[in-house]
Amino acid sequence: MRVIGGSAKGQRLTSLPGDNTRPTLDRIKESMFNMIQLHLYNARVLDLFGGSGALGIEALSREAKVCCFADEHRGSIRVIKENLEKTKFTSRSKVYLMDFQRALETCQRENATFDLIFLDPPYGKGFAQKALEIIAEKGLLAPEGLVIIEQNKNESLLITEESYRLWKEKKYGNSIVRILQQKTEQ
């Protein structure tokens, strides 16, 4: 696993040992970032199911302003911090050891809003759906902000028309990437 583009291009990232995480494949990550490249400059980013931090670090490498990482596993937090040190992005990052619901509540208490939110949760648990609902309820996505979701292609996602619109969608083998955009008042 490596950083695909930007200032840290080519930097190898540490991943978690074992099969408790499912890192985004480089080809999916590259395609995903090609789709959102015009939204990265100076963006405030949330990598909600951080894992190794690869998605948030990729965003920072491509000129995002700041990134908050959240994961509920100590091993993931250790790896995220190690990867941030390797890529020299520690000063532009905040790392939370907590589950996604508490992380979203913490972001709301801190009056944070994000231009990009990455959701790459464990497959088959309904976490993406729940996270989308909380993000909308707490107003954590900036106007016209994007939520980038990687899921198993067989997982459904109910997109509430008052909060989001499907911006792009692409299938990769057993995975699907959906990009939702914050709906703005007409």
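The values are calculated or read from the model by the stated rules, or taken from the named source; none is laboratory data. Computed from a predicted structure; not experimentally measured. Methodologically, a virtual Cβ is constructed for each residue, glycine included, from the backbone with ideal geometry; neighbour enumeration extends over all protein chains shown.
Summary of computed values
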| quantity | calculated |
| --- | --- |
| Any hit, the range 9-17, residues being more than 18 Å from Pro122 (Cβ to Cβ) and of a type in the set (Lys, Arg) | yes |
| Residue match in the range 21-28 (condition: within 23 Å of Pro122 (Cα to Cα) and at pLDDT 95 or above) | no |
| Complete set of residues in the range 121-164 that are among the basic types (Lys, Arg) and surrounded by fewer than 14 Cβ atoms within 10 Å (Cβ to Cβ) | Lys125, Lys153 |
| Pick from the range 67-111, criterion among the small types (Gly, Ala, Ser) and within 20 Å of Val147 (Cα to Cα), ranking: surrounded by the most Cβ atoms within 10 Å (Cβ to Cβ) | Ala70 |
| Leading residue by the ranking (farthest from Val3 (Cα to Cα)) among those in the range 82-101 that are within 16 Å of the chain's Cα centre (by Cα) and part of a helix (DSSP H, G or I) | Gln101 |
| Output for the range 138-155, where each listed residue is touching a residue at least 24 places away in the same chain (Cβ under 8 Å) and farther than 24 Å from Leu38 by Cβ | Lys138, Asn152, Glu155 |
| Any pair with Cβ under 7 angstrom, 6 or more apart, that starts in the range 30-53 at a residue that is farther than 20 Å from Leu132 by Cα and touching a residue at least 40 places away in the same chain (Cβ under 8 Å) and ends at one that is assigned to a loop (DSSP other than H, G, I, E, B) and small (Gly, Ala, Ser) | Leu40/Ala64; Ser52/Ser15 |
| Residues (surrounded by 12 or more Cβ atoms within 10 Å (Cβ to Cβ), more than 16 Å from the chain's Cα centre (by Cα) and free of Cβ contacts under 8 Å to residues at least 24 places away in the same chain) located in the range 168-186 | Lys183 |
| Residues that are charged (D, E, K, R) and modelled with pLDDT under 95, drawn from the range 29-47 | Lys29, Glu30 |
| Gly139, sole failed condition from (1) modelled with pLDDT of 95 or more; (2) within 27 Å of Leu166 (Cβ to Cβ) | (1) |
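Yes/no per residue for (1) touching a helix residue (DSSP H, G or I) at 6+ places or on another chain (Cβ under 9 Å); (2) within 27 Å of Asn34 (Cβ to Cβ); (3) small (Gly, Ala, Ser):
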{"site": "Phe100", "(1), (2), (3)": "yes, yes, no"}
{"site": "Arg109", "(1), (2), (3)": "no, no, no"}
{"site": "Ala112", "(1), (2), (3)": "yes, yes, yes"}
{"site": "Ala131", "(1), (2), (3)": "yes, yes, yes"}
